[in-house]
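Each reported figure results from applying straightforward, stated rules to the coordinates on display, with no laboratory input. Remember, it's a predicted structure, so these values are computed and weren't measured experimentally. Every residue, glycine among them, receives a Cβ derived from its backbone with ideal geometry; neighbour counts consider all protein chains shown.
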Amino acid sequence: MTTQMKNRFILFQRSGIFYCEDTTTGKQTSLRTRDREDAKRLLHVKNEAVHQPAMNLQIAQVYLQHGDPALATRTWQEVLAQITATKSGSTQRRWQIASRDKAFDIIRDRKLIETTSEHFVAVLKAGKVATNVFLRRVHHYAVTMHWLPWPVLGKRHWPKIQFKSKRAVTLDEHQKIIARESDPEKRAYYELLWHLGGAQTDMARLTAENIDWQQRTIAYQRCKTGNVSMIAFGNEVAMLLKTLPDKGHLFPRLAEVAEGQRSKMFRQRLKTLGISGISLHSYRYAWAERAKEAGYPERFAMQALGHSSKAVHRAYAKKAQVVLPPLENYRATKPDFLATVPTLLPETSRN
């Protein structure tokens, strides 16, 4: 005598719409159909999922493979390789370094379709801040490419990214660096970083042809984003530029040095001065903060630094200490602006 397995879900109809009820929890859910045969098929799928949970993934794979034959074999290493191949320059080098993160070894050869949230949690525990950042990007890429039929880890379950505190180079630190540096090329390079706030590679690869002496501007294409950055310069920068080559690279030796090597040389200089907590990138923070403190319009500062995002730019300038001028002084220096204010206020607000 055979025993029939009891179904967890049962079918009923209300106002012409078919519903299923979970006999364990009592929860009722609409099947969104008036057709009895469709309702029976949906009910059967729900009950089969309960009776044979181990088969669920295999059944899903069979259906999904018809849309993407590579779905059953695609691994996370292939995703990393695909993303890296779409990048260029320094961004590609960062992805190459990120791809070698040992924490990724946990999922590197695992198929996407067989990855669970526990695998991601293990990667995050084994990694560092950068692991969190790049795993998010890899996961998002796989989802948006429809290589994953569903997210592995829900948005609310990702641990918060907590970067180390970043700060700007202070004027005192910059002056100490310049005073200690004996190499004329490096000294001029650090000076230009201070005045222009450019990224270290962009500044190292500047050429004499980037300078428009008639307009007194320097224009260059950013290595990282491809965006064009243009900034005007004053007398102090002009005097500095005149000491540099009038053809080709302004910093011939530094232009040929890898980004990591330039950073290493700078760290060695800082070590001789007992300065810590800054890098060459800190010059960009310093420029952004000085621009904000001086009241430089944000759109101009973004153009100068090559930022296309206001959020990114504000992150650079967030530690700026802006000293507000006395209102009486501001009124005296802005008569044209203040003269237009009354016309913008309701009659009741002018008195």
Item to complete: Mind checking which aspartates and glutamates have their Cα closer than 18 Å to the Cα of Lys176? Skip sequence neighbours fewer than 8 apart in that chain.
Response: Glu185, Glu191
Item to complete: Scan around Leu31 for amide H atoms under 5 Å from its own, H built in the peptide plane at 1.01 Å from N, and keep only partners 5 or more places away or cross-chain.
Response: Phe18, Tyr19, Cys20
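Too long at a 28 Å Cα-Cα cut-off: which of Lys160/Lys264; Lys102/Lys166; Lys87/Lys242; Lys6/Lys111; Lys87/Lys166; Lys224/Lys247? Write down the numbers at each step before the final one.
On the way: Lys160/Lys264 30 Å; Lys102/Lys166 25 Å; Lys87/Lys242 36 Å; Lys6/Lys111 35 Å; Lys87/Lys166 26 Å; Lys224/Lys247 24 Å.
The answer is Lys160/Lys264; Lys87/Lys242; Lys6/Lys111.
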Discussion item. If packing is taken as the average count of other Cβ atoms within 10 Å, what order do 141-153, 72-84 fall into, highest mean first?
Written reply: 72-84, 141-153
Worksheet, complete the sentence: Listed by chain and number, the aspartates and glutamates with an alpha carbon less than 20 angstrom from that of Lys46, same-chain partners under 8 positions apart left out, are Glu21, Asp22, Asp35, Glu37, Asp38
